[in-house]
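One structure below.
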Amino acid sequence: MKILLLAALTLALAVAAYAQSQDAKPTWELGKNPIAPAFIQGKVELIDGIVSLDGQNSFAIPATALGAQNDYTIEFEVERDSGEALPSDGLLLMSNASEADKIGLGLDYIPRGAGFILTNDGRIEQEKLLPEGKRFYKLSFVVKDKKLQFFRDGLLLIATDTVNPSQLPLVFGQIKSKPVKPYGLRNLKIYDSAIFPTGYDQSAERMRACAGPNYTILRAEVKDPKLPRILIIGDSISMGYRPFITEHFKGKAYVDYWVGGGWLNPKEFEEKTPPVEIGFKGALSQGPYDVVSWNSMTLHMWNPNHPGRCPEESIVPNYTHMVEFLKMTAPDTKFIWIRCTPWRAIQLDGTQTLEGPFNQRMVAYNGIVDTVMKKEGISEVDLYAIAEKQSLASCKGSPDVLHWWPEVSKLFADAIIKEIETQLEKKGR
């Protein structure tokens, strides 16, 4: 009976959502509502329902079309570039954002499919925004309770945190110093209510992308402030183990995620305020966090192909500086350093080995960082030792010498979970 009632309720909600989308009337629609001459720059023509934007023209819609801006929807179809455009041919397709005032939202489209969602907090990158296969894609910005959900053809791509209301006009196109490859825009509609795609479950738990200068994190929605909060920071290796950590702490703690962690190279620390400090300060402000596990992009930083990124003599001063900064910025947070994983080498017969000059560098640099963490009283989790014990037989013929299969990622996660729980116990959590 309960299953039948739940199915009936789900169907009823879906029908209601569909009915809402059918009944809602746009407050503004391209081709039906006029554009004020003062809101047009350059030559703006509607031909066969399409406006071509080329960096030399733009048009705008008054902010009043969005209503009170607690709930609203902006949807349109945009033309994918053919792959002939240069990266500099990107276009700010839509925006009422002001970075200085931390208001509004927007979409910056880059040729060959990438894009940046602009919110009052910063820029959130979406790779393969418009994949190959179609000429036009429907993009929908749905704001509910001032929180943004961004869809492509009904598929949720990004959910962000609060979008602060903006009284700036909603501008489509961008005046640039030179023309760019034209992008077609059509079927533009604006609603002063939140119109979700059919089948979208508003009640499902979703992490929110929160961005600022030099960082973008995925933040869990906190419903019980009594539960501990954890932040996982790492390079691409963390993409394998983070889901296991999140699943383990489900219902017991909130786990946020930052794939990145900044760069600890000499150039960073030449500036008065190193960019890595700005990024960490912003990410930590999304807390407060009880425990943070971190690895600042070591496989990228320590890449022997780029020796200038992290010369050996810079490790002790830069990592010491960073640990002291973290302690000062978040004195109540327990930090855990995640040791760098191996860099495998490919032998002539296609098999892989840990014997090679690249991995020698990983071993040496891990050892130097160990001395810093020990001196500063920062606990470590040794992912290198776990990886070192794994058989590499299945790697034969693979060009990937960095990443690990799910079973190993699970071992990484188990070790990190154990140390996180130890640190939580120390805090009485």
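What follows draws every value from the coordinates through simple rules; no lab data is involved. Fair warning: this is a prediction, and the values are worked out from it, not measured in the lab. With ideal geometry, Cβ positions are generated from the backbone for all residues, glycine too; neighbour counts draw on all protein chains shown.
Numerical summary
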read-out: J(HN,Hα) series, segment 386-394, from Karplus relation 6.51 cos²θ - 1.76 cosθ + 1.60, nearest Hz, glycine and proline x; value: 5, 5, 4, 7, 7, 6, 9, 4, 6
read-out: Taking only Cα atoms of segment 82-130, radius of gyration then Dmax in Å; value: 11.3, 36
read-out: Share, in percent, of DSSP beta bridges within segment 213-426 that are antiparallel, nearest 5; value: 15 percent
read-out: Using a Förster distance of 30 Å, the FRET efficiency for Asp349-Met239 (Cβ separation, nearest 0.05); value: 0.50
read-out: Residues Lys226 and Glu132, FRET efficiency given R0 of 51 Å [Cβ-Cβ distance, rounded to 0.05]; value: 0.60
read-out: Distance in nm between pseudo-label sites at Gln390 and Ser88 (7 Å out along the Cβ direction from Cα); value: 4.3 nm
read-out: Descending semi-axes in Å of segment 213-426, equivalent ellipsoid built from Cα gyration tensor; value: 28, 22, 14
read-out: Distance between segment 384-423 and segment 176-251 - C-alpha centres, whole angstrom; value: 27 Å
read-out: Loop-located trypsin sites (Lys or Arg not before Pro) in segment 159-224 whose Cβ has at most 11 other Cβ within 10 Å (DSSP); value: Lys223
read-out: Residue among Phe335, Pro399, Gly251 farthest towards the positive dipole end of the chain, charges placed on Cβ; value: Gly251
read-out: Translational diffusion coefficient (Stokes-Einstein; Kirkwood radius from C-alpha pairs) of the chain at 20 °C, 1.002 mPa s, in µm²/s; value: 88 µm²/s
read-out: The chain: relative contact order as a whole-number percent, Cα under 8 Å and 6+ apart; value: 13 percent
read-out: Acute angle (nearest 10 degrees) that the helix 275-284 long axis makes with the longest principal axis of the chain, alpha-carbon atoms; value: 80 degrees
read-out: Dipole of segment 2-191, positive end: most advanced residue of Tyr109, Ala38, Leu157 [Cβ charges, Cα centre]; value: Leu157
read-out: Assigned charges on the beta-carbon of Lys, Arg, Asp, Glu; the chain dipole about Cα centre (debye); value: 580 debye
read-out: Unit charges at the beta carbon, dipole of the chain: most positive-side option, Thr353, Ser293, Thr27; value: Thr27
